[in-house]
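The values are calculated or read from the model by the stated rules, or taken from the named source; none is laboratory data. Bear in mind that the values here come from a model prediction, so they are computed numbers and not experimental data. FYI the Cβ positions are ideal-geometry reconstructions off the backbone, even for glycines, and counts take in every protein chain you see.
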Amino acid sequence: MITTSDALKLLKEAGCAANVIRHCQVVSQIAVEIAVAQRDSGKDVDLEIVELGALFHDIGRSRTHGIRHAIEGVSVAEELGLDPRLVLIIRNHIGAGISRQEALLLGLPEDDYLPVSIEEKIVCHADNLVMGEERVNISKCIQRMKDRGMSDEAIARVRDLADEVGIV
């Protein structure tokens, strides 16, 4: 597995802006806090995958800042030969995941982009708790989703994910 300093170097080499890298670092810090809490409560969580997955989750922003950044991130990650578990985190990190129906409406390839592993879910949730580089609570996250006209289904998934992995 690669080191965090190697991960940061890869983000920069991929073309991620400094603010995107800082965002990824904050998400990674929160994700590790959540992962430790989950592990302490008896869940089997791979802390290294969580930390690196959170660092890499927005690598696709080196190519686009739109909804397709997750798809582009998968391409970058596969080109770099990253661990398939990291690729899944990148692919499924938006909101609390995207259903097959939502993917079609958003112009994404038809598929479910829902987090499955505990590591994927933790990174999703941690990303929801960061706006730019600022840590926010789940209420602010949900309000932002409402302001952006997100579906009730997507908002419910974010709430359910917060309930499942816990808020730190």
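Could you grab the pairs with beta carbons closer than 7 Å, sequence gap of 6+ or different chains, first residue in region 136-151 and without any contact (Cβ under 8 Å) to a residue 60 or more places away in the chain, second one in a helix (DSSP H, G or I) and among the β-branched types (V, I, T)?
C141/V158; I142/I155; I142/V158; M145/I155; M145/V158; K146/I155
Only one of I2, I71, I34 is surrounded by 15 or more Cβ atoms within 10 Å (Cβ to Cβ), β-branched (V, I, T) and more than 29 Å from D163 (Cβ to Cβ); which? Step through it out loud before you land on a result.
Numbers: I71 fails: more than 29 Å from D163 (Cβ to Cβ); I34 fails: more than 29 Å from D163 (Cβ to Cβ).
So the residue among I2, I71, I34 that is surrounded by 15 or more Cβ atoms within 10 Å (Cβ to Cβ), β-branched (V, I, T) and more than 29 Å from D163 (Cβ to Cβ) is I2.
Please enumerate the residues belonging to region 152-166 that are in contact (Cβ under 8 Å) with a residue 40 or more places away in the chain and either under 15 Å from S99 (Cα atoms) or surrounded by fewer than 21 Cβ atoms within 10 Å (Cβ to Cβ) (or both).
Step one: filter region 152-166 for residues in contact (Cβ under 8 Å) with a residue 40 or more places away in the chain, giving 153-154, 157-158, 160-161, 164-166.
Within region 152-166, E153, A154, R157, V158, D160, L161, E164, G166 qualify.
Does region 111-120 contain at least one residue that is among the hydroxyl-bearing types (S, T, Y), touching a residue at least 12 places away in the same chain (Cβ under 8 Å) and either in contact with a His (Cβ under 8 Å, 6 or more places away or on another chain) or not in a loop (DSSP other than H, G, I, E, B) (or both)?
Within region 111-120, the first condition is being among the hydroxyl-bearing types (S, T, Y), and the residues that meet it are 113, 117.
Now restrict to residues that are touching a residue at least 12 places away in the same chain (Cβ under 8 Å): 113, 117.
Checking which are either in contact with a His (Cβ under 8 Å, 6 or more places away or on another chain) or not in a loop (DSSP other than H, G, I, E, B) (or both) leaves us with 113.
Taking every residue of region 111-120 in turn, at least one turns out to be among the hydroxyl-bearing types (S, T, Y), touching a residue at least 12 places away in the same chain (Cβ under 8 Å) and either in contact with a His (Cβ under 8 Å, 6 or more places away or on another chain) or not in a loop (DSSP other than H, G, I, E, B) (or both).
For residues that are hydrophobic (A, V, I, L, M, F, W, C) and in a helix (DSSP H, G or I), scanning just region 98-110, find the one that is surrounded by the fewest Cβ atoms within 10 Å (Cβ to Cβ).
Within region 98-110, the first condition is being hydrophobic (A, V, I, L, M, F, W, C), and the residues that meet it are 98, 103-106, 108.
Then drop every residue that is not in a helix (DSSP H, G or I), which leaves 103-106.
Numbers: A103: 19, L104: 13, L105: 10, L106: 13.
So the residue we want is L105.
Search region 77-94 for residues that are part of a helix (DSSP H, G or I) and at pLDDT 95 or above and pair each with any residue that is surrounded by fewer than 21 Cβ atoms within 10 Å (Cβ to Cβ) and hydroxyl-bearing (S, T, Y) when their beta-carbon atoms are under 8 Å apart and the residues are at least 6 apart or on different chains.
R85/S117; L88/S117
Return the residues of region 47-57 that are surrounded by fewer than 24 Cβ atoms within 10 Å (Cβ to Cβ) and either of a type in the set (G, A, S) or out of contact with any Leu (no Cβ under 8 Å at 6 or more places or on another chain) (or both); say none if nothing qualifies.
Result: L47, E48, E51.
In region 126-135, what count of residues is obtained for those that are surrounded by 14 or more Cβ atoms within 10 Å (Cβ to Cβ) and either without any contact (Cβ under 8 Å) to a residue 12 or more places away in the chain or small (G, A, S) (or both)?
1
For V123, are the conditions met, namely being surrounded by 23 or more Cβ atoms within 10 Å (Cβ to Cβ) and either in a helix (DSSP H, G or I) or small (G, A, S) (or both)? Let's see the steps before the verdict.
Numbers: surrounded by 23 or more Cβ atoms within 10 Å (Cβ to Cβ): yes; either in a helix (DSSP H, G or I) or small (G, A, S) (or both): yes.
Taking the combined requirement at face value, the residue satisfies it.
What tally of residues in region 96-126 results from selecting those that are closer than 16 Å to V74 by Cβ, of a type in the set (D, E, K, R) and at pLDDT below 95?
Going through region 96-126 one residue at a time, the tally reaches 3.
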